[in-house]
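Reviewing the structure listed below.
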Amino acid sequence: MSIHLHSKQPIVTAEKLLDYKRVHGHLGDFRAPETVLVCYQRSTMEYLLQQHPEFRPSKAVTHLYLPNDGQIGILGDWGVGAPGLAIKMEELIALGTKRFVAVGTAGGLMGVHNLADFILCPKALAEDGVAHLYLPEGQSAIEADRQMIAEWHDFMERRSLPQFDSAMAWSFSALFRETIGDVCRVREQGCSVVEMEAATLYAIGKEKGVLALTLFVISDSITEEEWVPRIKEPAVRNNLHQLADWALEFCASSAINRQSKDLLGSL
């Protein structure tokens with residue numbers, strides 16, 4: 001018996017892909033981590049794996065690394081931009097992941113931020129080619145989950161972390177098509193950093209009912225006159241590694257807190 005899809009229903013879904021993988025024995029008894037730390041830079045993922053050798057490659061999901069208890073995953077080095085992220089997110093969500101924390105670099109717009117500044121991204125403008133497909137028609141911006149922001153602020157206070165700038169991101173995937181006109185336009189809309197994935201992360205999280213948060217380090221600057229790339233400078237590298245350490249600790253502490261609450265709730 002054939003099943004007719006609604007005209008706006010996706011033909012290919014993560015669930016169908018996973019069913020295919022199960023039939024061919026690719027998933028086994030895999031259990032998805034509740035929380036995944038997304039690393040946009042390969043160097044960040046490599047740094048974390050060196051610091052935490054207990055994370056080993058998953059046999060079921062490529063580019064995912066898991067410790068023995070499997071509560072947290074590190075995801076990275078799948079490519080660049082929103083399309084690859086969307087596939088990985090959808091797959092992991094269908095397998096059971098509930099939370100995503102992303103760390104990476106972003107470009108500062110019009111001198112609002114300094115090199116190597118830490119950035120918390122509460123909102124993103126979706127101009128990346130993917131995010132708008134997950135947003136309601138006519139919506140162009142998407143916010144991070146408020147619960148995740150509140151938890152991050154609590155974590156910052158407990159750990160006495162330095163100040164993070166709050167910055168709306170311009171999520172735009174065409175690196176060589178960032179024009180002066182566009183930069184001025186998105187600055188008027190409130191964006192002060194540019195990157196490629198935050199809007200997709202938030203849009204998929206919203207549609208699928210999972211939590212998502214993005215954190216950045218400023219690695220370059222764009223003004224009306226020039227682009228100044230400085231991603232290779234030690235201050236950027238060191239702060240990005242530090243951010244990754246904090247983010248992984250945040251993921252771990254959040255998992256412990258939820259386990260404690262679940263245990264108390266069962267008593």
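No value in this document is a laboratory result; all are computed from the given coordinates. These figures come from a predicted structure and were not determined experimentally. Cβ atoms come from the backbone with ideal geometry, glycine included; neighbour counts cover every protein chain shown.
Would you work out if region 9-167 is rounded, prolate or oblate? Take a ≥ b ≥ c from the square roots of the eigenvalues of the alpha-carbon gyration tensor; rounded if a/c is under 1.5, else prolate when a/b is larger than b/c, oblate otherwise. Oblate, since a/c reaches 1.5 and b/c is not below a/b. Of the GluC sites (Glu not before Pro) in region 110-159, the ones in a loop by DSSP (not H, G, I, E or B) with at most 15 other beta carbons within 10 Å are Glu137. Between Ala60, Ala86, Ala244, the residue with the greatest mean-square fluctuation in the GNM of the chain (Cα pairs under 10 Å linked by springs) is Ala60.
When only the Cβ of Lys, Arg, Asp and Glu is charged (+1, +1, -1, -1), the dipole of the chain relative to its Cα centre reaches about 760 debye.
Note on the chain: with a GNM built from Cα contacts shorter than 10 Å, the maximum mean-square fluctuation among His241, His132, His52 falls on His52. Bridgeable aspartates and glutamates around Lys123 (alpha carbons under 14 Å apart, same-chain partners fewer than 8 residues away excluded): Glu143, Asp145, Asp165, Glu195, Glu197.
Note on Glu207 and Arg31: with the Förster distance fixed at 30 Å, the Cβ-Cβ geometry gives a FRET efficiency of about 0.80.
The separation of region 223-247 from region 113-154, counted between C-alpha centres, amounts to 19 Å. Of the chymotrypsin sites (Phe, Trp or Tyr not before Pro) found in region 22-62, not one falls in a DSSP loop while having at most 12 other beta-carbon atoms within 10 Å. Sort region 73-182 into rounded, prolate or oblate with this rule: let a ≥ b ≥ c be the square roots of the eigenvalues of the Cα gyration tensor; rounded if a/c is under 1.5, and if a/c is not under 1.5, prolate when a/b is larger than b/c, oblate otherwise. Oblate. Please tell me the relative contact order of the chain in percent, rounded to the nearest whole number, where contacts are Cα pairs under 8 Å and at least six residues apart. Over the chain, the number comes to 24 percent.
Under a model in which nothing but the beta-carbon of Lys, Arg (+1) and Asp, Glu (-1) is charged, region 145-191 shows a dipole of about 80 debye around its Cα centre. The trypsin sites (Lys or Arg not before Pro) of region 15-59 that DSSP puts in a loop, and whose beta carbon has at most 15 other beta carbons within 10 Å, are Arg31, Lys59.
Answer rounded, prolate or oblate for the chain, using the Cα gyration tensor with square roots of eigenvalues a ≥ b ≥ c: rounded when a/c is under 1.5, else prolate when a/b is larger than b/c, else oblate. Judged from the Cα gyration tensor, the chain comes out oblate (a/c at least 1.5, b/c at or above a/b). Largest GNM mean-square fluctuation across Val186, Val101, Val217, computed for the chain with C-alpha springs under 10 Å, falls on Val186.
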